[in-house]
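One structure is given below, encoded as structure tokens.
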Amino acid sequence: MIKPTSSSIVPLLLCAGALPLQAADFESVTSGDWSPSATGTWSPAGHPQTGAGDTVSIRAGHTVIFAGSGGVGLTPASGDLGTGGNGIINIDGGILSQSPPNFWIRIGHGSAGTLNINDGRFHFTNSTSSASPNLQVGIEGGNGWINVGDNSGAAGSAILNLRDIINGTANAASVNMNLGASNNTFGTVIVNSDGLLEGDAIVRASSQNPHIRVGQQSSTVQSILRVNAGGQVNVRGNFEVGAAAGARGLVHLTGQNARLDQHDGDFTVGFNGTGEMLIENGAVYTRHNNAEARMDLFVGRAGGTGTITIRSGGQFIQGAGDNVGDLRIGLGGTGTLNVEDGGTFRNDSGNWDWVGQNAGSNGTINVREGGTFLITTGSNLNIGQNGTGTFRQTGGVSEVNGVLLAENNGTGVFDLQGGTFTARSSFFLGGASGGSSGTGSATGTQSGGTLELRGAFVVGLAGGHTGSYSLTGGIINHIASDITVGENGSGNLHIGAGTTLNDTSAAENSGRFFVGRNNGSSGVLTVDGRLIKTHDTEGIRVGNGNMDGVDNTDATGLLQGTGEIEAAGVRIGTLGTITGGTNTTVGHLTITGDLSFSAGGTLFANFDGAGGVDQLSVNGTVDISDAFLAGDWLAGGPTGVDSRYWLILNDGGDSIVGTFANTIDTSSSAALFPEADGFITLGGQEFAVFYNADHTTNSFTGGNDLLLAAIPEPSTAVLFLLAGLAGTRRRR
């Protein structure tokens, strides 16, 4: 949890050294040079040594230029403007700048130092494009503070300007601002309601590439950039929070209309160090479109760890346009985006969002109760492309275009525990297309909430990939296009007890349902809850083939479960299997609609050793023509003429159509079951088969249900015959 340092910063309590014995207070009495030669600039007359504890105040109407003459008491001696030894520079309505060749400004050099821009302006001026000037806040063992605004003036009346010189023209140099510029130092910049921080701008023609770094070097203490209500920061170059290994940085935007607008450059939270960003209480971060170049956004970029938390009216916005940049959460490091109560993440751009992109990376998005996660355009959310990516929602509202999990060699996780998640386009687990390379693994879990899918829902999309989705709570509403479990890869979809998958996609909208579709694929559909497929005349296809009944692939499919399926029909292809329960457990599956088999399709029956067997209840036509019957017998169950193993309870008005291809017409025990339509051996146990049994009357004949009777061992069968139970055998 992010715990920002209190906004009440008291540098004197945290200083690294004592006040010098001869510290003095100076104030400007006119515009002029800082140096000793300008004896009329200050009262009292002299040369303020703010690097050694002096305090200056630059009053309204005065412009003071630091030209470097004599330095300001920094150690080692330099021509740079700075503060140290608890020295303070106050800009109280005036203007302060420096002139070449004074390249650096050091706030908190060697010990504590402060720059207060209460009202007025500070300009970082350097007229030579070859210079590399820096505003260093906390350096060489010192800690520095800059306060932009004092909350008493009009908006934008206190300005820290790194981009423009005093007359408003662009600075020719590339100015960096580094907080915590040396190891074991920290810097703090606070922008208040009347404050404006104007960052320097990238100039591509001159390779000018300025940076703002919050936490530049390794330190045990966070460097902080805080923007309070009404404060404004404009970033026009690269922006890094937690730059070097071991660095620690926090950007805290808090309060109504606290803004950080980035117009150019890379955005990075956690480059090689640890970076945090907290946006709350009506504050806004906006990434704007840039016509010149697309520069991306990173959270956990290289070896770093980055966290962004949005809450309590805070907003993180990727603005409109195709050059806003992709957001990469976990590019090479570890990145986390938390959208909490009252927080909003919104991507209005044409660029994608990635979670766990590169190998070795780890990215996570958490959407919690009251949070809003939106991708408003055609951009997709890619989770676990080559790294490990997780999207977890426990509440709130999410809406995106499309979702891709485990595109290449990554691991993608989607976890919906509450709230509403809507995908307007495809929702793919295991690949981004049928031709995606690699062996990615995608896992979807849903224990609550509503998943609304308005495009294709594919579990196990690409060859070599695996995908699974387990619905144990909540509901899935699928509105348009196909559902496929195992399209080119391996897919597993589980609809748990008490849950519903409601598929209202119609055939004219490509609304088909496949379990095992194309060559090399395999699919398992387990329905322990409810699967409802309306507005469709083609139903569900299990195993190789298309919805026209043509078995034209080597895909395998398994349909199992203990729930209910409502569909126009279920067709078991040549390499398809249907069973109640699972392949190893006994259960009862209900189908409202027709059930048919392609030649070679399989009905599988488990026997539990206590008289139980897998059952299908079908309210519709049952066609088993040339299908196969398979099963696994567990010894101990009843045998003989009183044994009853009901496989299909056919509630339709029609008789079962066809016979199994692997039954035989006769048996050595045929005399014991004269009404039998055939005989079959499953798992070492021989059965008599009855296609027209009547479950209501518990009879071998007179109905349209499928029944097996277990044939006893030969010695037992002889006893039945001797008892006069033999009769005329009925042949179908």
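Computed from the C-beta positions of THR39 and GLU369 and an R0 of 60 Å, the FRET efficiency is 0.35 to the nearest 0.05. Annotation for THR696 and ALA599: the two label points, set 7 Å from Cα along the Cα-Cβ direction, are 3.6 nm apart. Each residue, ASP654 and THR472, gets one label point 7 Å from its Cα in the Cβ direction; the gap between the two is 4.1 nm.
Can you give me the solvent accessible area of SER31 with a 1.4 Å probe, rounded to the nearest 10 Å²? My reading of the accessible area for SER31 is about 60 Å². Projecting label points 7 angstrom from Cα along Cα→Cβ for ALA497 and SER510 puts them 3.8 nm apart. Heavy-atom accessible area with a 1.4 Å probe sorts ASP705, ASP25, largest first, into ASP25, ASP705. Here the stretch 645-659 and the stretch 534-586 have alpha carbon centers that stand 17 Å from each other.
If you roll a 1.4 angstrom probe over the protein chains with everything in place, what fraction of the accessible area of the stretch 158-297 belongs to carbon and sulfur, to the nearest %?
Numbers: 1780 of 3860 Å².
Solvent-exposed carbon and sulfur of the stretch 158-297 make up 46 percent of the total.
Once the 1.4 Å probe is applied to the protein heavy atoms, the chain comes out at 33 Å² accessible per residue.
Please report the relative contact order for the chain, taking Cα pairs under 8 Å with a sequence separation of at least 6, and give it as a percent rounded to a whole number.
Details: 2843 pairs, mean separation 30.3, N = 732.
Over the chain, the number comes to 4 percent.
Remark on the chain: hydrodynamic radius 29.8 angstrom, per the Kirkwood mean of 1/r across alpha carbon pairs. Across the stretch 270-299, the residues whose backbone nitrogen lies under 13 Å from the label position 7 Å along the beta-carbon direction of ALA320 are 289. When only alpha carbons are used to place a centre, the stretch 308-359 and the stretch 390-413 end up 13 Å from one another. Volume per residue for the stretch 116-232 equals 96 cubic angstrom (convex hull of Cα atoms).
Taking amide H atoms as placed 1.01 Å from N in the peptide plane, the amide H of ASN619 lies under 5 Å from those of ILE591, THR592, GLY593, ASP651, each 5 or more residues away in sequence or on another chain.
The values are calculated or read from the model by the stated rules, or taken from the named source; none is laboratory data. Quick caveat: nothing in here was measured; it's all calculated off a predicted structure. Every residue, glycine as well, gets a Cβ built from its backbone with ideal geometry; the counts of neighbours run over all protein chains shown. In case anyone asks, the SASA skips ligands and DNA or RNA and just uses the protein heavy atoms, side chains included. Shrake-Rupley method; radii C 1.70, N 1.55, O 1.52, S 1.80 Å.
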